[in-house]
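The values are calculated or read from the model by the stated rules, or taken from the named source; none is laboratory data. Quick caveat, the model's predicted, so the values are computed rather than measured. Note: ideal-geometry Cβ built from the backbone for every residue, glycine included; neighbour counts use all protein chains shown.
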Amino acid sequence: MKLKKITAFLCSTVLAASLLAGCGGVNNGAAVATIDGQKIEYGLMHFVARLEQANSDDFYTMYYGQQGMSFWKNDNGEGIPMDQALAEDVLNTMQEIYTLEKHMEEYNVSLTEEEQNAISQAASGFLAANSKKALKALGAEQAYVEEYLRLSTIQQKMKKAIIADVDTNVTDEEAKTGAYSYVEISKSSESQDADTVAADLEQLKTQASAFADAAGAGTLEAAAEEYGHTVSTGTFKADDDSVDAEVVTALGGLKESEVSGLIETADAYFVVRLDAELDREATDETKESIIEEREETLYSETVEKWKEDSEWTIDEDVLAKISFDNLFTTTPESSESTESVPEGTEPVVDATEE
């Protein structure tokens with residue numbers, strides 16, 4: 001039985017918790033929110049939020065040391081501490097998955113006995129491998145770990161079912177992606193004097209024009225070597241907003257192997273060569289991206305419609321009680337694929353009071 005990536009962090013990571021603190025007497029059974037009258041408990045929310053925190057702590061600790069804890073108390077730019085913002089994100093995910101659960105029968109989705117057993121065993125293994133102090137820091141209990149894994153499995157299976165009917169037919173014309181080589185000459189200047197900057201840009205344009213002439217008369221690579229530039233490669237589409245519009249326009253006017261004249265954008269000069277009007281590999285990758293976009297659109301629109309039809313309430317006071325009071329460090333426990341939960345790789349969590 002394989003559980004997907006969303007549970008891999010839980011089941012293949014060693015966690016160490018520092019600055020251990022108590023739970024502040026919060027009632028784990030209190031309702032953070034309800035969906036059509038179904039209660040979402042504080043204890044589950046707290047556990048999932050702490051796992052999400054643990055997944056990020058290594059990054060912040062690397063930059064801030066133990067002061068990384070202060071990150072979670074920073075304002076997120078909207079007047080909300082980062083730990084509270086993360087808790088709200090987790091709650092939004094809970095709303096999504098519990099909404100999906102209510103529509104499982106419509107898609108003939110269910111959890112098999114094998115899946116339920118695997119979930120129970122994974123949760124038991126996790127709890128058995130860890131100290132009481134560590135489990136307290138995480139707020140981990142058998143019911144919450146199992147529910148987390150159960151919800152993750154439901155989300156994966158429901159998404160697969162929802163997107164099954166997406167149109168996967170994408171023509172070459174729809175996904176047409178070309179390949180090109182280019183030299184980019186930046187217009188940036190270190191001078192703060194306007195007159196100096198203007199003079200530098202005028203000289204740069206003269207040099208860039210000479211380079212463009214040389215590239216047109218010979219090859220892009222030979223001219224780049226002569227003028228000390230670097231040739232890079234890329235791909236582009238007709239409606240590509242990741243490539244400068246001037247560059248896309250110039251490429252559209254070239255035949256394969258032709259080199260452009262000097263192209264000027266706001267920040268740089270370019271000389272480009274069209275290597276392939278339709279690059280097979282890049283076009284196939286674009287097809288995959290188009291299909292994935294269709295899938296995400298169908299999935300999100302379906303879930304949003306269901307959410308609109310549900311009654312959703314939040315107890316802001318209970319939600320506000322989710323607050324981070326210690327940091328976690330993580331170490332991968334196994335080099336096994338994150339696509340599965342390998343046997344014998346239950347995470348070991350340790351908590352050290354300071």
Query raised in the report: Limited to the stretch 215-229, what total is found for residues that are under 16 Å from residue 263 (Cα atoms) and not in a helix (DSSP H, G or I)?
Result: 1
Requested in this report: Determine whether the stretch 128-142 contains at least one residue that is at pLDDT below 95, in the same structural domain as residue 327 (by TED's automatic domain parsing), among the basic types (Lys, Arg) and surrounded by 14 or more Cβ atoms within 10 Å (Cβ to Cβ).
Outcome: yes
Report task. Quick one: count up the residues across the stretch 260-281 that are in contact with a strand residue (DSSP E or B) (Cβ under 6 Å, 6 or more places away or on another chain) and not hydrophobic (A, V, I, L, M, F, W, C). Result -> 6
Query raised in the report: What pairs can you find where one residue is in the stretch 69-80 and assigned by TED's automatic domain parsing to the domain that holds residue 52, the other is assigned to a loop (DSSP other than H, G, I, E, B) and modelled with pLDDT of 80 or more, and their Cβ atoms are less than 9 Å apart, with a gap of 6+ or different chains?
Result: 69/324; 72/323; 72/324; 73/323; 73/324
Query - Residue in the stretch 93-111 that is within 23 Å of residue 328 (Cβ to Cβ) and assigned by TED's automatic domain parsing to the domain that holds residue 307 present - result: yes
Report task. Residues being among the hydroxyl-bearing types (Ser, Thr, Tyr) and either touching a His at 6+ places or on another chain (Cβ under 6 Å) or over 22 Å from residue 289 (Cα atoms) (or both): count how many of those fall in the stretch 231-251. Result -> 2
Requested in this report: State which residue pairs qualify: first residue touching a residue at least 60 places away in the same chain (Cβ under 8 Å) and closer than 14 Å to residue 41 by Cβ and inside the stretch 307-318, second residue surrounded by 14 or more Cβ atoms within 10 Å (Cβ to Cβ) and among the aromatic types (Phe, Trp, Tyr) in any location, beta carbons under 8 Å apart, and separation of 6 or more residues or different chains.
Outcome: 318/42
**Report entry** Selection from the stretch 232-256 of residues that are more than 33 Å from the chain's Cα centre (by Cα), surrounded by fewer than 12 Cβ atoms within 10 Å (Cβ to Cβ) and not charged (D, E, K, R)
**Finding:** 253
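Per-residue answers, yes or no, for (1) aliphatic (A, V, I, L, M); (2) at pLDDT below 95; (3) buried (at least 16 other Cβ atoms within 10 Å of the Cβ):
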residue: 190; (1), (2), (3): no, yes, no
residue: 194; (1), (2), (3): yes, yes, no
residue: 198; (1), (2), (3): yes, yes, no
residue: 206; (1), (2), (3): no, no, no
residue: 213; (1), (2), (3): no, no, no
residue: 216; (1), (2), (3): no, no, yes
residue: 222; (1), (2), (3): yes, no, no
residue: 227; (1), (2), (3): no, no, yes
residue: 230; (1), (2), (3): no, no, no
**Report entry** Residue selected from the stretch 69-83 under the condition surrounded by fewer than 18 Cβ atoms within 10 Å (Cβ to Cβ) and not in a loop (DSSP other than H, G, I, E, B), by the criterion modelled with the lowest pLDDT
**Finding:** 70
Query raised in the report: Is there a residue in the stretch 5-18 that is surrounded by fewer than 19 Cβ atoms within 10 Å (Cβ to Cβ), modelled with pLDDT under 95 and closer than 23 Å to residue 162 by Cα?
Result: yes
Query raised in the report: Only one of these conditions is not met by residue 184: (1) surrounded by 12 or more Cβ atoms within 10 Å (Cβ to Cβ); (2) assigned to a helix (DSSP H, G or I); (3) modelled with pLDDT of 95 or more; (4) among the acidic types (Asp, Glu). Which number is it?
Result: (2)
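Okay, residues lined up against (1) touching a Phe, Trp or Tyr at 6+ places or on another chain (Cβ under 8 Å); (2) more than 15 Å from residue 176 (Cα to Cα); (3) among the aliphatic types (A, V, I, L, M):
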residue: 215; (1), (2), (3): no, yes, yes
residue: 225; (1), (2), (3): no, yes, no
residue: 244; (1), (2), (3): yes, yes, no
residue: 260; (1), (2), (3): yes, yes, no
